Every structure is written in structure tokens, then in C-alpha cells.
Amino acid sequence: MKKIILAATLAFAGFTAVQASEVNTIKNAAIVAVQDSAVKTPIKLEELPEPITTALKSDTYKDWTATEAFTVKEGTKEYYLVNVKKEAETGSLKFDKDGKPIQ
């Protein structure tokens, strides 16, 4: 019985194999994330439209620091996504091109 269990275990181990593949890296490539038909393109914080930077400086968001920004296109909708942090907290804010928060 022990030989049968050992043989079955070895046979199963023989059928399972790990395949490794080489990872190709591309230098200076822009990373664009596509999720649920949404295209998310990173932009520099300095490239945010003036109404959004003004909104980020308002009393509502003054304690938060912008860490990264993206333009997001979902079908016909287009908005800006700004990741922010305050001490250990992090969050994301969505703004239209006029700096108005959207849900």
C-alpha cells in the first residue's frame, strides 16, 4: 500500500511542472492601464489643469498631498484621477476638467 501511495505521489509530482519565462523590459515606455474599458494614462502633477490645482489647494483638500495623477477615459467620459496622501492615509480624487469633484 505504501508503494502505491508513493508511486501515485511521484507520478503526480512528475505531471506538475513550473515554467519560467524571460521578462522583457522596455525602457522609456509609457504605462497605460486599461481596466473595464477605461484607459488610465499617467501625467505629471505639473501638467494638471489650473482648475484642478486650484481645487487641490482649497480648504477641502489642503491637508492632502498629491502623489500622482492620471487622465482617465471611460467611453465618452473623461476625467482626472489624483492620488493623494495625508500622513498614513491615502486616497484618490476624481475631477472634471473644470476642477469640480466627481463621483
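Points worth noting:
- Under 25 Å, Cα to Cα: Lys pairs in region 30-95, sequence gap 8 or more or different chains: 26
- Dimensions in Å of region 30-95 - Rg and Dmax from alpha carbons: 12.2, 35
Bear in mind that the values in this text are calculations on the coordinates, not laboratory data. Please read these numbers as outputs of a predicted model, since none were measured by experiment.
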